[in-house]
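Heads up: the structure comes next, in structure tokens.
The values are calculated or read from the model by the stated rules, or taken from the named source; none is laboratory data. The model shown is predicted, which means the values in this text are computed figures rather than measured ones. Ideal geometry is used to build each Cβ from the backbone, glycine not excepted, and the neighbour counts take in all protein chains shown. Protein only, heavy atoms only, side chains kept; ligands, DNA and RNA dropped before computing areas. Shrake-Rupley method; radii C 1.70, N 1.55, O 1.52, S 1.80 Å.
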Amino acid sequence: MAKIVVDVMLKPEILDPQGNAVASALPRLGFSFTKSVRQGKRFEIEVEGEPTADQLAQVEKAAEVLLSNPVIENFVVRVEK
Amino acid sequence: MRVGVITFPGTLDDRDAARAVVAGGSEAVSLWHADADLKNVDAVILPGGFSYGDYLRCGAISRFAPVMNLVIEAASKGMPVLGICNGFQVLCESHLLPGALTRNSDLHFLCRDQEIEIVNNTTAWTSSYKSGEKIVIPLKNGEGSFQCDENTLAQLEGEGRVIARYVGQNPNGSRNLIAGITNARGNVVGLMPHPEHAINELTGPSAQGLGFFTSILNAMVN
């Protein structure tokens with residue numbers, strides 16, 4: 001069974017207060033090398049067998065209209081075995 | 001004058017919105033998110049709350065509720081629509097208004113009385129106010145930071161489509177202190193703070209929110 005994975009991230013120019021909060025918490029745990037943190041979302045969509053080109057196209061569409069908000073976010077669709 | 005107030009699963013402020021509609025002189029009509037009928041209303045309010053638990057993104061799932069197809073269609077024909085707080089988020093996700101509301105810049109859920117300035121009194125929902133009038137109404141949200149790209153911001157400012165701005169310190173990181181905007185036609189308005197909680201001094205910081213609900217009556221009569 002394969003998974004279609006959609007990663008959604010805030011666009012680089014959009015302020016990410018949650019990522020900033022994580023970035024400021026990490027040094028308190030000893031992770032002093034952190035330059036910055038951006039927080040995003042990951043969707044895993046399971047399909048029977050290998051995803052078809054049509055299914056991937058439909059997931060692209062779903063990512064555009066529902067899973068992400070193109071005003072503030074970018075997304076990437078990929079297949080994970 | 002019939003003003004619909006939509007209840008989504010997770011909506012909180014529908015009853016206060018309905019009360020404000022009545023106090024403003026109109027009839028309040030309850031609409032359910034699964035309705036495929038706007039019940040002959042003349043205007044619609046999308047109230048505040050946490051529709052669909054704010055899952056995915058605030059307003060993202062409500063946008064696909066059956067009643068929203070009708071609201072989007074009616075709005076495109078000129079019907080007045082007001083989205084307050086979560087309703088504003090739904091209007092942005094529906095692309096009836098540009099931009100998006102993101103997490104408050106300091107991460108805190110804010111709940112306080114907020115001064116705002118009405119900067120456009122020509123919309124269906126703001127005509128009872130004077131341009132430049134300052135009012136105090138509650139602001140209560142976790143994701144109220146208005147964001148959009150430079151072109152959209154220039155367009156909103158250039159066309160006078162910012163309807164209200166925060167006065168004083170920026171509460172949530174919104175661009176240009178934007179508290180509310182309208183569409184090009186002026187019939188769809190989104191506002192982050194809550195005028196429906198400020199229609200009576202006994203229960204709110206002022207009665208200055210009432211103007212949004214009397215404006216809609218003016219819009220229909222004229």
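On the basis of the beta-carbon distance and an R0 of 41 Å, A:ALA2 and B:ASN69 show a calculated FRET efficiency of 0.75. Just to verify a number: FRET efficiency for A:GLN18 and B:VAL221, C-beta to C-beta distance, R0 = 41 Å, to 0.05? For R0 = 41 Å, the calculated efficiency reads 0.30. Surface composition of the protein assembly as shown: carbon and sulfur atoms hold 52% of the protein heavy-atom accessible area at a 1.4 Å probe. Which values of log₁₀ I(q)/I(0), to two decimal places, follow from the Debye formula for the stretch B:2-221 at q = 0.10 Å⁻¹ with a uniform point scatterer at every Cα? Each listed q corresponds, in turn, to -0.36. Between chain B and chain A, roughly 1200 Å² of accessible surface gets buried, counting both sides and using a 1.4 Å probe. Restricting chain A to chymotrypsin sites (Phe, Trp or Tyr not before Pro) that sit in a DSSP loop and have at most 12 other Cβ atoms within 10 Å of their own Cβ leaves A:PHE31, A:PHE33. The angle between the Cα long axis of helix A:53-62 and the longest principal axis of the Cα atoms of chain A comes to about 50 degrees, rounded to the nearest 10. Send over the semi-axes of the protein assembly as shown's equivalent ellipsoid, whole angstrom and largest first, taken as the square roots of 5 times the C-alpha gyration tensor eigenvalues. Rounded to whole Å, the semi-axes are 35, 24, 17.
What's the longest uninterrupted piece of chain B once you rule out the chymotrypsin sites (Phe, Trp or Tyr not before Pro) that are loop residues per DSSP with at most 16 other Cβ within 10 Å? Of all site-free stretches, the longest is B:110-222. Quick one: grab the alpha carbon gyration tensor of chain A, order the square roots of its eigenvalues as a ≥ b ≥ c, and give me rounded if a/c is under 1.5, else prolate or oblate depending on whether a/b is larger than b/c. Taking the square roots of the gyration eigenvalues as a ≥ b ≥ c, chain A is oblate.
Take the Cα of B:LYS130, step 7 Å toward its Cβ, do the same at B:GLU201, and the gap between the two points is 1.9 nm. Are any of the pairs A:LYS41/B:LYS39; A:LYS35/A:LYS81; A:LYS11/A:LYS61; A:LYS11/A:LYS81 more than 29 Å apart by Cα-Cα distance, and if so, which? In this structure, A:LYS41/B:LYS39; A:LYS35/A:LYS81 exceed 29 Å between Cα atoms.
Classify the stretch B:34-128: rounded, prolate or oblate, from the alpha-carbon gyration tensor (a ≥ b ≥ c, eigenvalue square roots; a/c under 1.5 rounded; otherwise prolate if a/b is larger than b/c)? Cα axes put the stretch B:34-128 in the oblate bin.
Here each label is just a point 7 Å from Cα along the line to Cβ, and for A:ARG42 and A:ALA25 those points are 1.8 nm apart.
Scanning chain B for trypsin sites (Lys or Arg not before Pro) in DSSP loops with at most 16 neighbouring Cβ atoms within 10 Å leaves B:131-184 as the longest stretch between them.
Here the spin labels are modelled as points 7 Å beyond Cα on the Cα-Cβ line, and at B:ASP35 and A:GLN58 they lie 3.3 nm apart. Taking trypsin sites (Lys or Arg not before Pro) across the stretch A:16-57, the ones in a DSSP loop with at most 12 further Cβ atoms lying within 10 angstrom of their Cβ are A:LYS35.
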